[in-house]
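Okay, structure first, notes after.
The values are calculated or read from the model by the stated rules, or taken from the named source; none is laboratory data. Note that the structure is predicted; figures quoted are calculated from it, not measured. Because the Cβ atoms are built from the backbone with ideal geometry, glycine has one as well, and the counts that use them run over all protein chains shown. With ligands, DNA and RNA removed, areas are computed over all heavy atoms of the protein, side chains included. Shrake-Rupley method; radii C 1.70, N 1.55, O 1.52, S 1.80 Å.
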Amino acid sequence: MDTLLNWELDLIIQIRHTIPNLVGIFELLTTLGGELFFLVLLPLVYWCLDRRTGARLTVLFLISAFTNSVTKLLFQSPRPFVVAPHRISPLFDVPLAEAIEAYEAHGNGFPSGHTQSTIVVWGYLASQARQLKGKLAPLRPLIYAVAALLVLLVPLSRVYLAVHFPRDLLGGYMLGSILLVLFAWWTPRAETNLARLGLTWQLVAAVAIPLAVALMVPGKNVLTASATLLGMGVGFAMERRWIRAETDGAIWQRALRFVVGIAILGGLYAGLKVAFEGLEPASVFRFIRYSLVGLWGSLGAPWAFTKLRLVKGRA
């Protein structure tokens, strides 16, 4: 074992011994960089705050998830509890298998997915906060403060909980920052080119690209990101053509949109998981499940909001 790796293991153990009573707090913090949290946050932005920002943020998040999965496959870097189980296992209050599941610590470690997701999501939200106007303008300082705290504390939670090396965090910071810069440069050009295409070709691109990625790159996380992107992409194109829902309205309307939308999204997410349990091939049914979740978020929910008169639109 190399000197740097030993130093990182010693650092993880030293942090836990120095502040041993904060496991519960860091368990909460680590959930703020996980899949379920973003499954709530991204629709909130898209449905209730700013449609364009929400759509772009969702695409960025899914591209980041895909990039992270591919990078992990390339580096094949193990986690601390794999490298030195005899030193790390005593840090867990539950069996290792339970901790891995609870902390979403499956697979390889480099780069940290929680760190990368937190950087791209909150970095993008902070960069767009200055555009908030009217009733939402007072949210700017809050977004800046939350972003600053989470980009520090969520990554730290991964080391404190002993599921990542410090090097994994560095990789997440670097890759997330690169994606933010590239996305800011690429988005205007991509949106201009997509706008020139008819609906048919937009739908072809929305289906073909994620499907090709899912077929070419192995891994459950890649499959999940690709399927969700397919559903979201199809929904975005159809929503702009036929519904054109916006996010303005009274606070009660925005709140009710979120409650209705997230209740149905949660039902799809959990209900389809139960319905598809044990069905083969599992990868196909997982792809269908996440595609439908994405389609509801981008198309089904805006359509329902217009029917319930919670938002203005064509429908």
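For segment 276-286, does any single residue satisfy the condition of being exposed (fewer than 14 other Cβ atoms within 10 Å of the Cβ) and among the charged types (D, E, K, R)? Yes, segment 276-286 contains a residue that is exposed (fewer than 14 other Cβ atoms within 10 Å of the Cβ) and among the charged types (D, E, K, R). Taking the listed residues 132, 96, 153, the one that is closer than 26 Å to residue 43 by Cβ, surrounded by fewer than 20 Cβ atoms within 10 Å (Cβ to Cβ) and modelled with pLDDT under 95 is 132, with no other qualifying. Pairs linking a residue in segment 273-295 that is among the polar types (S, T, N, Q) to a residue that is assigned to a helix (DSSP H, G or I) and open to solvent by 50 Å² or more (accessible area, probe 1.4 Å), with Cβ atoms under 9 Å and 6 or more positions apart or on different chains, are 283/220.
Restricting attention to segment 228-239, the residues that are at pLDDT below 95 and open to solvent by less than 10 Å² (accessible area, probe 1.4 Å) total 1. Annotation: of all residues in segment 287-315 being polar (S, T, N, Q) and at pLDDT 95 or above, the one that is least open to solvent (accessible area, probe 1.4 Å) is 298.
Kindly check whether there is at least one residue in segment 240-247 that is open to solvent by 30 Å² or more (accessible area, probe 1.4 Å) and of a type in the set (S, T, N, Q). I'd like the intermediate steps shown before the answer.
Taking segment 240-247 first, the residues open to solvent by 30 Å² or more (accessible area, probe 1.4 Å) are 240-242, 244, 246.
Add one more test, that the residue is of a type in the set (S, T, N, Q), and what stays is none.
Checking segment 240-247: not a single residue is open to solvent by 30 Å² or more (accessible area, probe 1.4 Å) and of a type in the set (S, T, N, Q).
Residues in segment 164-212 that are touching a Phe, Trp or Tyr at 6+ places or on another chain (Cβ under 8 Å) and open to solvent by 30 Å² or more (accessible area, probe 1.4 Å): 167, 180. Taken over segment 67-116, residues that are without any contact (Cβ under 8 Å) to a residue 40 or more places away in the chain and acidic (Asp, Glu) amount to 2. The listed residues are 225, 212, and the only one of them that is more than 19 Å from the chain's Cα centre (by Cα) and in a helix (DSSP H, G or I) turns out to be 212.
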